[in-house]
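So the structure is just underneath, and the comments pick up after that.
The values are calculated or read from the model by the stated rules, or taken from the named source; none is laboratory data. Note that the coordinates shown come from a computational prediction; the quantities given were computed from them, not determined experimentally. Because the Cβ atoms are built from the backbone with ideal geometry, glycine has one as well, and the counts that use them run over all protein chains shown.
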Amino acid sequence: MADAESVIYVNGSVVTRTKEEQVSTYIERAADLLFPAEGRQTLNIKFFGVADGRVSAASLAEQILRAEAQITAGNAVYVEDVDADLT
């Protein structure tokens with residue numbers, strides 16, 4: 001198996017994915033979390049650093065998935081006013 005591949009298990013079967021396929025899957029999962037086909041969708045979201053190339057789509061997707069995992073696990077704290085500490 002090449003270094004660019006990984007092995008994952010899907011329903012008990014071994015599946016190999018290239019790094020490109022993994023990144024594509026991360027991006028698709030993140031997009032599905034933010035913008036599901038049905039139900040509540042994220043509104044008024046801003047992605048800083050993406051336009052000028054400081055942040056890649058893959059790293060942004062990874063952070064979205066990590067945040068979702070923290071929320072699901074109950075390790076996230078709701079902050080109503082994110083600017084409160086700036087003044």
Of everything in the range 45-81 that's of a type in the set (Val, Ile, Thr) and over 15 Å from residue 28 (Cβ atoms), which residue is farthest from the chain's Cα centre (by Cα)? 79
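Residue by residue, here is whether (1) out of contact with any Pro (no Cβ under 9 Å at 6 or more places or on another chain); (2) in a loop (DSSP other than H, G, I, E, B); (3) modelled with pLDDT of 75 or more holds:
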position: 20; (1), (2), (3): yes, no, no
position: 30; (1), (2), (3): yes, no, yes
position: 33; (1), (2), (3): yes, no, yes
position: 51; (1), (2), (3): yes, yes, yes
position: 63; (1), (2), (3): yes, no, yes
position: 69; (1), (2), (3): yes, no, yes
